[in-house]
Amino acid sequence: MKAVILAAGEGSRMRPLTNNRPKVMLPVAGKPIIEHLLVNLIKADCKEFIFVVGYRSERVKHYFYDGLPWGVHIDYCHQPEAVGTADAVERLKDMVGDRFLVVNGDSIFTPQDLKEFLDKPDAKMGVAKVSDSLGLGVIETNGRSITRIHEKTDSPPTNLANAGLYSFTSDIFKAINMLPPSIRGEYELPDAIQKLIDNGFDFGWNEISSWLTYTYPWDLLNPDGRMLENLEYEIQGIIENNAILKGDVAVGAGTIIRSGSYIVGPAVIGENCDIGPSSYIRPFTSIGNGCHIGTCVEIKNSIIMDNSRIPHFTYIGDSVIGEECNFGAGTQIANLRFDQQNIEVNGKDTKRRKLGSIIGDNVKTGINASINAGTVICNDTIIGPGVLASGYYPPSSRVFR
C-alpha cells in the first residue's frame, strides 16, 4: 500500500519561517518535519511513497530526490495551486491502487500508529483525544464509525480531533468529484469523507497514541524537545580537551567543539559547525549544519537553522532562528516578561511564559542589539548596533538608532 504525504502547503501561520521553504521542511530535532514522518512510516514497513508538492517544491525534491538514501521509492505529484487536500488527493487517482494511506506532512505519528493503518487498510481516520478542540476539526461517532465531521467550529461537540491520518479506498475519488468548494474556496478531504458517510459508506476511526503537529513557529519548540529525547545520538566531530558534553548530544561530521564549551543534552549539532570556545548550549537545542556559535554564547531551548553565525557574548533563549543569519557581538534576545504573563506575538497569546524571538532567513544584527520577548523579524532585515527591537518587522526592514 502506498503512502501519500501531503506537502504542498506554505504554512502561512509559520511566516516568516516559511517564506523560503514549505512548512514540512521546517527543522525539528535537526531534521525536516516530513523526514521524521517518512522515517516512522519506513519503520512501519512502508516502502512506496508519493509526495504531493507545490509551494517551494524544489526544497522537498532536492532533499529527498527518489528516496534511495532512505531505501525507499518516492514519486512526486505537483499541486500547482493550494486549493485543498481533496484536490491534492484527486490528482493521485492514476498513481495509487484501490487502497492507500494519506498523511499530512506537517504532523508526526509513531510507527505503531502508522502500522495499524498500513496493516488494516479499511477506510478510516486517525483521531486524537485533545484537551482543547477549539480551532480543530472534530468528529462525532457511533461505535467505531464516524457519523459527522465538524471543521473548526466555535463550539466543537467532542474532543476527538481529526489528526490528518487516513486510509482510503478508491471510493474517495467518487466523493471528491461530487464536492462543491468550501466557504474558503477549497476542496477538503473531511468534506469528501462526509459525502461518503451521507451516502451510506461506513468510515471508521482509530484513536492514535501520539500526535505532534505544528501550527505556529513557537510550536516547533515544544515538540522539538520530545523528538530530541527519542533520537539516536552519535558523536562524529572533534571534541577538544576541556569541552564537556553531558547527556544525549549528537555532533555531526566536520564539527568542532572547542575547549571550555559545555553542552547539556538532549541537543543536536549538525555537520561542519564551529562551537566555542567556552559556549554554553542548554537542553532541547538544535543547531543546523555550517553554524558558528562563538565565545561565551549561551543558547537555550532554541532552533538555529543552517549556516547561521552567533558569535561572541550573545544570549538566545526559546527562539527560532532562520538560515544565513549573522548576529553582532553582544546581541541579546529576551525570553521572559517582567510581569511573568504569557508572551503575545502580533496580538496572539502564545500560551507560553517564555518565548524569545522568531527570526527569518538572512537577518543581521549589529553589536549590542537587544531583542524583546515575542519579537518577529522577517527575512533580510538589519537590526543596527545598540537597537532595542520589539514587535514585528516586515521583510527587508532597516532599523537603526
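The values are calculated or read from the model by the stated rules, or taken from the named source; none is laboratory data. Everything numeric here is computed off the predicted structure, so don't read it as measured data. As a convention, Cβ positions derive from the backbone with ideal geometry for all residues, glycine included, and neighbour counts pool all protein chains shown.
Among the numbered criteria (1) within 22 Å of Ser12 (Cα to Cα); (2) hydrophobic (A, V, I, L, M, F, W, C); (3) touching a Cys at 6+ places or on another chain (Cβ under 8 Å); (4) surrounded by fewer than 18 Cβ atoms within 10 Å (Cβ to Cβ), which single criterion is violated by Ala82? The number of the failed condition is (3). Inside segment 246-302, residues that are of a type in the set (Ser, Thr, Tyr), within 19 Å of Leu220 (Cα to Cα) and without any contact (Cβ under 8 Å) to a residue 60 or more places away in the chain make up a count of 1. For segment 355-386, the set of residues classified as crowded, with 19+ Cβ neighbours inside 10 Å and among the basic types (Lys, Arg) is empty. Taking segment 13-28 as the range and being farther than 21 Å from Asp113 by Cβ, of a type in the set (A, V, I, L, M, F, W, C) and not in a loop (DSSP other than H, G, I, E, B) as the test, the residues that pass are Met14, Met25. Scan segment 349-396 for residues that are within 26 Å of the chain's Cα centre (by Cα) and assigned to a loop (DSSP other than H, G, I, E, B) and the total you get is 22.
Being out of contact with any Leu (no Cβ under 8 Å at 6 or more places or on another chain), charged (D, E, K, R) and in a loop (DSSP other than H, G, I, E, B), is that true of even one residue in segment 283-304? No.
Scanning segment 187-213 for residues that are surrounded by 15 or more Cβ atoms within 10 Å (Cβ to Cβ), touching a Ser or Thr at 6+ places or on another chain (Cβ under 8 Å) and either outside any helix (DSSP H, G or I) or outside the structural domain of Ile149 (by TED's automatic domain parsing) (or both) gives Tyr187, Glu188, Phe203, Gly204, Trp205, Ile208, Trp211, Leu212, Thr213.
Taken over segment 293-308, the criterion of being surrounded by fewer than 24 Cβ atoms within 10 Å (Cβ to Cβ) and either under 19 Å from Asn241 (Cα atoms) or outside the structural domain of Val376 (by TED's automatic domain parsing) (or both) is satisfied by Gly294, Thr295, Cys296. From the list Gly143, Gly164, Gly126, the one residue that fits, being surrounded by fewer than 22 Cβ atoms within 10 Å (Cβ to Cβ) and small (Gly, Ala, Ser), is Gly143.
Restricting to segment 305-314, what's the tally of residues that are charged (D, E, K, R), touching a Phe, Trp or Tyr at 6+ places or on another chain (Cβ under 9 Å) and assigned to a loop (DSSP other than H, G, I, E, B)?
0
Name the residue that is surrounded by the fewest Cβ atoms within 10 Å (Cβ to Cβ), counting only residues in segment 309-340 that are under 23 Å from Tyr214 (Cα atoms) and polar (S, T, N, Q). Ranking the candidates gives Asn335 first. Pairs meeting the criteria (first residue in segment 96-108 and outside the structural domain of Ser57 (by TED's automatic domain parsing) and surrounded by fewer than 24 Cβ atoms within 10 Å (Cβ to Cβ), second residue among the charged types (D, E, K, R) and at pLDDT below 90, beta carbons under 9 Å, at least 6 apart or on different chains) are lacking.
Out of curiosity, is Asn272 crowded, with 18+ Cβ neighbours inside 10 Å, of a type outside the set (A, V, I, L, M, F, W, C), touching a Gly at 6+ places or on another chain (Cβ under 6 Å) and not in a strand (DSSP E or B)?
In short, no.
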